[in-house]
Amino acid sequence: MAASQDLPLTSSHWGTYRAQVRDGEVENLVPFEHDTDPSPIGQGILNVQHGPTRIDTPMVRKSWLDGGPGCRTDLRGKDPFVQVSWETVNTLIATELNRVRNNFGNQAIYGGSYGWASAGRFHHAQSQLKRFLNCIGGFTWSKFTYSFAAAEAMIPHVLGSFRTYLDTSTCYDVLHEHTKLMVCFGGMPLKNGQISQGGTGCHIQHGGMAGLAAAGIDIVNISPLKSDLLDDLDAKWLALRPNTDVAMMLGIAHTLHNEGLVDRAFLDTFTEGYGHFLPYLTGQTDGIPKTAEWAATICEVPTTSITSLARHMAATRTMISVSWSLTRQDHGEQPFWMAITLAAMLGQIGLPGGGFGFGYSAMNYIGGNYTIIPGASFPQGDNRVEAFIPVARISDLLLHPGKTFDFNGQRHTYPETKLVWWAGGNPFHHHQDLNRMMQAWQKPDTIIVNEWCWNSLAKHADIILPCTTPLERTDIAMTSRDPYVVSMSQLTKPYEQARNDHDIFAGIAREMGVADAFTGGRNDHDWQRVIYDQTVGRAEDAGIKMPDYDTFRSKGWFKLQTPPKPTVMLEAFRSDPHANPLATPSGRIEIFSQTVSDFGYDDCPGHPVWQEPYEWLGNAGTWPLHMISNQPKDKLHSQFDHGQVSKAKRISGREPLTMHPKDAAARGLNNGNIVRLFNDRGACLAGLVIDPAIRQGVVQISTGAWYDPDETGLCKLGNPNVLTCDKGTSKLGQGPTAHSCLIDVELCVNAPPVTAHQPPQILQSLPPKATRVHK
Ligand SMILES: Nc1nc2c(c(=O)[nH]1)N[C@H]1C(S)=C(S)[C@@H](COP(=O)(O)OP(=O)(O)OC[C@H]3O[C@@H](n4cnc5c(=O)[nH]c(N)nc54)[C@H](O)[C@@H]3O)O[C@H]1N2
Ligand SMILES: Nc1nc2c(c(=O)[nH]1)N[C@H]1C(S)=C(S)[C@@H](COP(=O)(O)OP(=O)(O)OC[C@H]3O[C@@H](n4cnc5c(=O)[nH]c(N)nc54)[C@H](O)[C@@H]3O)O[C@H]1N2
Ligand SMILES: [Mo]
């Protein structure tokens, strides 16, 4: 076997690996030698790269094939599939696309296709799909992300941009040197730091956190889960009620105001509208002073903890970290806005180690110190369709064509959808209230999916186009969020008839007479060279030196130089607000936004406010437990749920559910029990883990288990999105609100077996596939 450094490389959102390949098969993935804290998630693919969960040929749902578009859409997820050839499927799809666009217009095609797909600059499934659809006249698209849609709409009103400040969080080196107190709303979950979108070279979060401890920085974990901060950091744990962070921040702000600890000079110079916010804080406008006592009744953190935290924050260099999860709850616009307001009152924004940061360790890149590479990408072309949805409004789009919706100051209408195409995302993973989505899913005439494995999305499609995994293609991992650029080698040949997404679309484009427009006369290797060379040109203009393409390919990777000056968020603004104004109407931080106020939204007024979420422990009646469905430690979303790393974490074969000992005792439950989680919207099973390190009244179940419904809609494996509510954060952001969810839990007797990882019934019409030896 070759020395490790000579083995070919591949990259993923969770890390870079070298591959041991034998007889054309990937046997092992060895972490990249420069990754000082590799993630085990990478091993997840090894036992599922082949085998029964892999999709081997194009497939068509039987009723669709027999009866045409729209036939028995109620049988999606139940019908058997028929194997067809690429030639047949390309003709079927071309005919159907022409029917839809000629009769209903291109806006009847929904190509929003949200999701993470795989790392790799060229084989990015969404870019491939969107370019193809743009070549045939466009599609209804989606705006923003599930990660933090509420902030993507809100924060530009406050800071002028969201992404700019997300990408320039003050780096760990500066925190180590200057910060004295780190206050983390939603903690700093190391489990999430395993990931960065587009590829990860070296994991920095553990080292960054260890440095905080070594520097003796006080850390406060404000979260229902103790595990949101590493035990070795010895953080103080304030186990607030979920979704009450804004109330707690207001209590802190009121204490600062009451005790003369507010930095008025900072507010006067750098912010706009504190005068509108203050009467709300003091209760002048609504008769409710937002005192620490008031906050304590809502968040159930003791008043003294709130007041002493406020004094500590004012007395020392304080960094406020606000987890992205706080945007994925009802009124998810408010926590970031209020955290910025609180940081402004402390007056430390733009100083080294002070101010605020959006979610340290929400991903590996937050707190890094990187040269941001102006990377070129595969061009998607222009979309001639104007219709779009805020990304999490997918069920509304399908259920309510013609209905209007509010969004960020404007009113829009949902178009009618006839065809849905997903490539590189999984709505049966990411969307809320899956029983509602199942109703919506019956509406379109045709659902096409590019997938590599028989997950719930593939099982619920009409036409499935089998795609390759990154191990089966050459690519470049290159993202502005990681300093390593990695040459991804093709390690093994495509499985059975699987094709790269690009080749899938090129085949259909040929059938529709737009092959040249789609491919630009290039193959995948040509495109990768073009993308790389364009990046080298742009980098040169920005003073960044990169190796030429052939040198890069032969060495396999390179690392961009660390910038000489460490990143301090909003440093330039702080040093000269007139020369470096923010892109807001006032040029300053908008604690009050006239623009937002003028929208006239009852659920998002002109300054940050506490509003009760639609579901929280303060209104728990029938449903006494708040369910946190956070990101899984052992995988990325639903990817490799069927792989060995994820399966090893299962309890009694189900997704683990963490519950406080008192809540378990009250229900007569024991460790390892199979339990049923339920509310008005749905039910799923889970395997019980009793743990005192969770707030009483809160339960936690990670996302990611493949949706596995029985005939009643009960998910047998444990997908929490059968329980979550499908409501937008507010009229402003319309973001998803998975983290506002009440349920109850009971013992499950006679649990049905899990079938999530079994392929559907397949009627073979093609010659038997080549016999292959599975490991
Ligand atoms: N309850 C609850 N729900 C949530 C959240 C939560 O906190 N709680 N979080 C939300 C968040 S932040 C997010 S970002 C979403 C994530 O939701 P998604 O990004 O949709 O989840 P993934 O499982 O990553 O979906 C990626 C899909 O792409 C497929 N894929 C991988 N590589 C390729 C490829 O090369 N080509 C093609 N065609 N397909 C490929 C994978 O098999 C997988 O099915 O979930 C959201 N949902
Ligand atoms: N291993 C792994 N890492 C990932 C991902 C993955 O799937 N797997 N997904 C990636 C993606 S797409 C994203 S967007 C990021 C998301 O990053 P986050 O949004 O930070 O992810 P979560 O794990 O949902 O939430 C973090 C913690 O917030 C706490 N929390 C939830 N609600 C509240 C609340 O109301 N108040 C307070 N104070 N705390 C609360 C929960 O205890 C939870 O553990 O993670 C990324 N990292
Ligand atoms: Mo996300």
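The values are calculated or read from the model by the stated rules, or taken from the named source; none is laboratory data. Quick caveat, the model's predicted, so the values are computed rather than measured. Backbone-built Cβ (ideal geometry, glycine too); neighbour counts: all protein chains shown. Heads up: the accessible areas ignore ligands, DNA and RNA and are worked out on the full protein's heavy atoms, side chains in. Shrake-Rupley method; radii C 1.70, N 1.55, O 1.52, S 1.80 Å.
Observations on the structure shown:
- Boolean, Gly70 is open to solvent by less than 50 Å² (accessible area, probe 1.4 Å) and at pLDDT below 95: no
- Number of residues in segment 284-307 that are open to solvent by 60 Å² or more (accessible area, probe 1.4 Å) and either under 31 Å from the mean Cα position of the chain (by Cα) or within 16 Å of ligand 1 (Cβ to nearest atom) (or both) equals 1.
- The criterion of at least 1 residues that are within 22 Å of the chain's Cα centre (by Cα) is met by the following strands (runs of 3 or more DSSP E) wholly inside segment 141-241: 141-143, 181-185, 218-222.
- You will find that of Arg384, Arg411, the residue that is within 18 Å of Asn106 (Cα to Cα), open to solvent by 10 Å² or more (accessible area, probe 1.4 Å), at pLDDT 95 or above and of a type in the set (Lys, Arg) is Arg384 and no other.
Table: residues versus (1) in contact (Cβ under 8 Å) with a residue 60 or more places away in the chain; (2) away from ligand 1 (no atom under 16 Å from the Cβ); (3) of a type in the set (Gly, Ala, Ser); (4) assigned to a helix (DSSP H, G or I).
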| site | (1), (2), (3), (4) |
| --- | --- |
| Leu309 | yes, yes, no, yes |
| His312 | yes, yes, no, yes |
| Gly332 | yes, no, yes, no |
| Phe336 | yes, no, no, yes |
| Leu342 | yes, yes, no, yes |
| Met345 | yes, yes, no, yes |
| Ile349 | yes, yes, no, no |
| Gly357 | yes, yes, yes, no |
| Tyr360 | yes, yes, no, no |
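- Residue match in segment 482-493 (condition: away from ligand 3 (no atom under 16 Å from the Cβ) and within 28 Å of Ala94 (Cβ to Cβ)): yes
- Between Met338, Met345, the distinction of being more than 16 Å from ligand 2 (Cβ to nearest atom) and crowded, with 24+ Cβ neighbours inside 10 Å belongs to Met345 only.
- Candidate set from segment 186-230 (those that are open to solvent by less than 20 Å² (accessible area, probe 1.4 Å) and among the polar types (S, T, N, Q)); member that is farthest from ligand 3 (Cβ to nearest atom): Asn221
- For segment 138-155, filtering for residues that are open to solvent by less than 10 Å² (accessible area, probe 1.4 Å) and more than 18 Å from Lys731 (Cα to Cα) leaves 3.
- The set of residues in segment 666-693 being surrounded by fewer than 24 Cβ atoms within 10 Å (Cβ to Cβ), in contact with a helix residue (DSSP H, G or I) (Cβ under 7 Å, 6 or more places away or on another chain) and part of a strand (DSSP E or B) consists of Ala683, Ile690.
- When restricted to residues that are out of contact with any Cys (no Cβ under 7 Å at 6 or more places or on another chain), without any contact (Cβ under 8 Å) to a residue 40 or more places away in the chain and of a type outside the set (Asp, Glu), segment 689-714 contains 5.
- Residues in segment 105-118 that are more than 16 Å from ligand 3 (Cβ to nearest atom) and either out of contact with any Ser or Thr (no Cβ under 9 Å at 6 or more places or on another chain) or small (Gly, Ala, Ser) (or both): Gly105, Ala108, Gly111.
- Near pairs, Cβ below 8 angstrom, 6+ apart or cross-chain, from segment 192-208 (at pLDDT 95 or above) to any residue that is among the β-branched types (Val, Ile, Thr) and open to solvent by 20 Å² or more (accessible area, probe 1.4 Å): Gly193/Ile204; Cys202/Thr36; His203/Thr36; Gly207/Thr36
- Top-ranked residue of segment 650-665 - restricted to ones that are charged (D, E, K, R) and more than 19 Å from Trp454 (Cα to Cα), ranked as least open to solvent (accessible area, probe 1.4 Å): Asp663
- The listed residues are Val82, Val89, Val100, and the only one of them that is among the β-branched types (Val, Ile, Thr) and part of a strand (DSSP E or B) turns out to be Val82.
- Exactly one residue out of Lys633, Lys647 is open to solvent by 50 Å² or more (accessible area, probe 1.4 Å), under 27 Å from the mean Cα position of the chain (by Cα) and within 25 Å of Gly186 (Cβ to Cβ), and it is Lys633.
- Scanning segment 147-199 for residues that are farther than 15 Å from Gly359 by Cα and among the charged types (D, E, K, R) returns Asp173, Glu177, Lys180.
- Gln432 being away from ligand 1 (no atom under 16 Å from the Cβ), closer than 25 Å to Pro390 by Cα and of a type in the set (S, T, N, Q): no
- Asp382 being in contact with a His (Cβ under 9 Å, 6 or more places away or on another chain) and charged (D, E, K, R): no
- Residue match in segment 212-233 (condition: of a type outside the set (Gly, Ala, Ser) and farther than 26 Å from Thr658 by Cβ): yes
- Filtered residue count, segment 83-102, keeping only those that are open to solvent by 20 Å² or more (accessible area, probe 1.4 Å) and touching a residue at least 40 places away in the same chain (Cβ under 8 Å): 4
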